Amino acid sequence: MPVLSNERVSMTSKRKSIHGQWSSRLAFVLAATGSAVGLGNIWKFPYIAGENGGGAFVLVYLLCIAVIGIPIMMAEVMIGRRGRQSPINTMRTLAEEEHASGHWQWLGWAGVMAGFLILSYYSVIAGWALSYVFRTGSGLFTGLTADGVQSIFSNLVNDPERLLAWHTIFMVMTMVIVARGVRHGLEKAVKLLMPALFVILLVLVGYALNSSGFGQGVSFLFHPDFSKITANGLLIAMGHAFFTLSLGMGAIMVYGSYLPSGASIARTCIAVSLMDTLVALLAGLAIFPIVFANGLEPAAGPGLIFQTLPIAFGHMAYGSFFGMLFFVLLVFAAWSSSISLIEPAVAWLVENKGLSRVHASINAGIATWSFGLLTVLSFNRWSDVKLLSAIEIFKESTIFDLLDYLTANIMLPLGGLLIAIFAARKMSREATVEELGMGDRFFYPLWRFLVRYITPVAVSLVFLYALRDIRLIRTILGVIGIS
Ligand code: TRP
């Protein structure tokens, strides 16, 4: 049963979250930044930028953040704060209040599913980072060449038992925090660790600045060559804008549900997006010069940072120390992201199944951990399993690749599209004006215009354009005589 009465509540301040509230707007900014900044910025952004040709990809990604990401983030926070429950119950309550279809609660369910799928592989990759804390700290990389660094990485991913062990440790870490409630401890940790991560990224960029590959790295990232980007690359850039800002599945919605009334949503979302983007660009600036200085392949794939940064750590003064610090901070960044992936599910289990937070976390954690085994195996025993090899763009895709593609490039943008439609077309104008609290002049109409027209059209266009590129769909369209 939903915990809150479903009578029409016109003033948001009347509704309270049973899970508590952030202590201030700053606490929310920190938590949302903690959720946004993670493996997506430091591990994923560089490797997908590398695989998709660099500059043009980066430009599309930045555009998507500005035009699609920020407005949708505002919509998510707004919906969350108005509903003050898990995304599933929030969607149900608000749909009822706005006289929209009860089917909107499925959006909450789809989000829970997406979070579950993402966390299942996110935790495996975070496990890699965890193991690198010890590898760098012990001086393993000192003086090693690119080849040596590469073989250390292959040894790790080729060993399912080791991956499983680190994945298990990271899942336990995540569930401990979630069980205690995301507000305890998290605020303080993020306040300290995010700036530290930022500083160490600057140190790495400083190192890259002196390497022979810096010019080439900068030009790779910032010189757009549109001949290098494919339709599928466009979809990946858009999907990543959702992934990196934690949008489209209810994570930011559930964090919004703990946001005190009266805090400015717009300013908060812009601040979070700027910090997130800055971290990703710094990571790119740290990594690509090393790639080019050592004759490595920008399109090396998911192992990219694990095959490049250790070269730098192996050659700089106090490299073992900096290396260890870097991976510790990366683990913290991943940790503060992973909890938001599972929080919607846990909040729902507490609200509707009457479980304690501890039990809810254990159940959700075990389910996610089990599913993560697919990712563990897809780097070794099952590395040859290519389920969709009949489709050109998935010819080389492992189970992990497909999971990542399905969630980041399909589920999140679809979720975001529906969130935009709900916020700007189903919710009444008065409700959104009141909740966003930024007056009725310039900025509100701008937001509404973006979310009503630009965002849905942009997302749909990228979808259609990319789908057209998929052979199988083309074949089907051909058979039914459409293309
Ligand atoms: N944004 C995080 C990152 O970049 C990952 C993440 C956390 C996420 N919560 C999310 C992605 C919700 C999508 C949806 O690492």
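Tabulated values for the structure
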quantity	calculated
Cβ crowding within 10 Å averaged over residues, with 285-294, 228-237 ranked highest first	285-294, 228-237
Per residue convex hull volume, Cα atoms of region 173-290, in Å³	153
Length released on extending from D440 to V479, taking residue separation times 0.36 nm less the Cα-Cα span	9.0 nm
Whether region 352-483 is rounded, prolate or oblate, judged on the alpha carbon gyration tensor where a/c under 1.5 counts as rounded	oblate
Share of pairwise Cα separations in region 252-348, more than 23 Å, in percent	45
Over the chain: helical MRE at 222 nm, DSSP H runs n ≥ 4 each giving -39500 (n - 2.57), nearest 500	-22000 deg cm²/dmol
Accessible surface of region 56-210, 1.4 Å probe, proportion on carbon and sulfur as whole %	69
Positive-pole candidate from A286, M438, I393, dipole of the chain, charges at beta carbon	M438
Degrees separating the helix 455-468 axis from the principal Cα axis of the chain, which is the longest one	50
Computed log₁₀ I(q)/I(0) - Debye formula, equal Cα scatterers, no solvent, region 1-147, q 0.12, 0.21 Å⁻¹	-0.74, -1.41
Separation in nanometres of the label points that stand 7 Å from Cα toward Cβ, at N210 and I18	5.8
Sum of side-chain charges, E430 neighbourhood, beta-carbon under 11 Å (Lys, Arg +1; Asp, Glu -1)	-3
Rounded, prolate or oblate (a/c below 1.5 giving rounded, otherwise prolate when a/b exceeds b/c) for region 314-429 by Cα gyration tensor	oblate
With at most 11 other Cβ atoms within 10 Å, longest stretch of the chain clear of loop GluC sites (Glu not before Pro) (DSSP)	8-395
Percent of Cα pairs exceeding the 26 Å cut-off, where the set is region 103-214	40
Stokes-Einstein translational diffusion, the chain - Kirkwood Rh over all Cα pairs, 1.002 mPa s, 20 °C, in µm²/s	94
Lysine-lysine proximity count for the chain, Cα under 20 Å, sequence distance 8 or more or distinct chains	4
Net charge, I287 excluded, C-beta distance under 15 Å - Lys, Arg +1, Asp, Glu -1	-1
Positive-end residue of S336, H19, W128, charge dipole of the chain with Cβ unit charges	H19
Förster radius 45 Å - calculated FRET efficiency between I270 and L464 (Cβ-Cβ, nearest 0.05)	0.95
Net charge over other residues, Cβ less than 13 angstrom from the Cβ of L197 (K, R count +1; D, E count -1)	0
3J(HN,Hα) from dihedral phi, region 332-340, Karplus parametrisation 6.51/-1.76/1.60, rounded to Hz, x for glycine, proline	5, 4, 5, 4, 6, 8, 4, 5, 6
Scattering profile of region 196-254 at q = 0.25 Å⁻¹ [log10 I(q)/I(0), Debye over alpha-carbon scatterers]	-0.96
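The values are calculated or read from the model by the stated rules, or taken from the named source; none is laboratory data. Model, not experiment: these values are computed from the prediction. So basically every Cβ, Gly included, is an ideal-geometry build from the backbone, and we count neighbours across all protein chains shown. Surface accessibility is based on the protein's heavy atoms, side chains included, excluding ligands, DNA and RNA. Shrake-Rupley method; radii C 1.70, N 1.55, O 1.52, S 1.80 Å.
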